[in-house]
Amino acid sequence: MSAVVQVERLTKRYDGSLAVNGIELAIEETEIFGLVGPNGAGKTTTLKMLATLLVPSAGDARIAGYSVRREPDAVRRVIGYMPDTFGVYDDMRVWEYLDFFGRCYRLPASRRRQMIGDLLELVDLAHKRDAYVQDLSRGMQQRLCLAHALVHDPQVLLLDEPASGLDPRARVELRELLRELRALGKTIVISSHILPELEELCTSLAIIDHGRVLASGRVEEIHERFRSGGVYRMRVVGGEAAVVRAQGVLAGRPEIASHTVQPDGALELALAGDDAVAADLLAALVRGGVRVTSFSPAASDLEELFLQITDAPPSQPAADERQEAAA
């Protein structure tokens, strides 16, 4: 597969401060790619530069082969952009809203009629075709704005916090819709602070803080790269006597920083080492006569990983970057 979005040292400076500092990304076709970061990390600024709404201070990005700096009009033909604060025209009916944007893209009348029907079916709003936009729920308005981003059948979707303010049911519906769009061949770049949902939805992601990419890649690869040991939880068969036997095996092993017995009878181990070290420890327990029924990391979700990476002390910037930030 080839990268449909290629970002090369993309930078945005405001009055001497760096909002985005040399971001580099490669997003493959038909991926759902997540931009994760705290407020002010640079996610929205990055998406706006990709959408050609902001001109980069330095660097460039290519979408479907077109440069956002040199070929913005061509980029706009292949992207659909949904901002974090969507705007709708309250005095329009749902079909009129989509027809208006179809006219903006100069679609002929026959194609607009087909497009409106297809998109309303896709976002499950066909039954609201003649309703006024202001009468829709927030979740329905969100899906209508996504349909608006699809009017010209773009190759790449840029979605800024699309699930913001939605109730749990509306979030589930949006998540399923994005998966369906991926199945239809769309590449989706999505920013969000709702980390568990990104973990379920995204194929790859980038963790951004202070305008820099701290980690990027497949979700499972990032987990593997940054999880060095950690807390493992294990259960054994045989009650208290089996727990004591397990503690005897664990005692004195250098890879075990500590171990505790939890109220539910499980053992929690602070393990220093990689998966191979964990596998060796499990083998030693079995050899020691401990009947282990489960042995796995106690927690390794995206939220904890995000905190681990963003809490790490930032690397010292190079001298030229310090000068650039002070400029």
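The values are calculated or read from the model by the stated rules, or taken from the named source; none is laboratory data. Since this is a predicted model, take the numbers as computed values, not measurements. Every residue, glycine among them, receives a Cβ derived from its backbone with ideal geometry; neighbour counts consider all protein chains shown.
When residue 186 is tested against (1) over 26 Å from residue 23 (Cα atoms); (2) in contact with a Pro (Cβ under 8 Å, 6 or more places away or on another chain), exactly one condition is not met: (1). Selection of the stretch 99-118 for residues being touching a His at 6+ places or on another chain (Cβ under 6 Å) and in a helix (DSSP H, G or I) yields only 101.
If you filter the stretch 230-246 down to residues that are among the basic types (Lys, Arg) and assigned to a strand (DSSP E or B), you find that the one that is surrounded by the most Cβ atoms within 10 Å (Cβ to Cβ) is 235.
Residues in the stretch 134-154 that are under 11 Å from residue 82 (Cβ atoms) and assigned to a helix (DSSP H, G or I): 142, 143, 144, 145, 146, 147, 148, 149. Within the stretch 253-267, the set of residues being out of contact with any Leu (no Cβ under 8 Å at 6 or more places or on another chain) and surrounded by fewer than 15 Cβ atoms within 10 Å (Cβ to Cβ) comprises 254, 262, 263, 264, 265.
Among all residues of the stretch 2-23, there is at least one that is under 14 Å from residue 155 (Cβ atoms) and out of contact with any strand residue (DSSP E or B) (no Cβ under 6 Å at 6 or more places or on another chain). Counting only residues that are under 22 Å from the mean Cα position of the chain (by Cα), surrounded by fewer than 22 Cβ atoms within 10 Å (Cβ to Cβ) and within 25 Å of residue 164 (Cβ to Cβ), the stretch 53-77 holds 2 of them.
Going by what's in this entry, would residue 168 be described as touching a helix residue (DSSP H, G or I) at 6+ places or on another chain (Cβ under 9 Å) and in the same structural domain as residue 32 (by TED's automatic domain parsing)?
Numbers: touching a helix residue (DSSP H, G or I) at 6+ places or on another chain (Cβ under 9 Å): no; in the same structural domain as residue 32 (by TED's automatic domain parsing): yes.
In short, no.
Checking the structure you have, find out if any residue of the stretch 218-229 is basic (Lys, Arg), surrounded by 15 or more Cβ atoms within 10 Å (Cβ to Cβ) and modelled with pLDDT of 85 or more. Within the stretch 218-229, not a single residue is basic (Lys, Arg), surrounded by 15 or more Cβ atoms within 10 Å (Cβ to Cβ) and modelled with pLDDT of 85 or more.
If the condition is being over 22 Å from residue 156 (Cα atoms) and modelled with pLDDT of 95 or more, then the stretch 65-92 contributes no residue at all. Scan the stretch 61-81 for residues that are in contact with a Leu (Cβ under 9 Å, 6 or more places away or on another chain) and not in a strand (DSSP E or B) and jot them down. Matches in the stretch 61-81: 68, 75. For the stretch 155-179, filtered to residues that are outside any helix (DSSP H, G or I) and small (Gly, Ala, Ser), the residue that is farthest from residue 62 (Cα to Cα) is 165. The listed residues are 96, 121, and the only one of them that is without any contact (Cβ under 8 Å) to a residue 40 or more places away in the chain, among the acidic types (Asp, Glu), exposed (fewer than 14 other Cβ atoms within 10 Å of the Cβ) and not in a loop (DSSP other than H, G, I, E, B) turns out to be 121.
Here are 10, 50: which of them is farther than 25 Å from residue 101 by Cβ, surrounded by 18 or more Cβ atoms within 10 Å (Cβ to Cβ) and not β-branched (Val, Ile, Thr)? Show your work before the answer.
Details: 50 fails: farther than 25 Å from residue 101 by Cβ.
Of the residues listed, the single one that is farther than 25 Å from residue 101 by Cβ, surrounded by 18 or more Cβ atoms within 10 Å (Cβ to Cβ) and not β-branched (Val, Ile, Thr) is 10.
Residue count for the stretch 180-196 satisfying the condition of being in contact with a strand residue (DSSP E or B) (Cβ under 9 Å, 6 or more places away or on another chain) and either among the charged types (D, E, K, R) or in a strand (DSSP E or B) (or both): 7.
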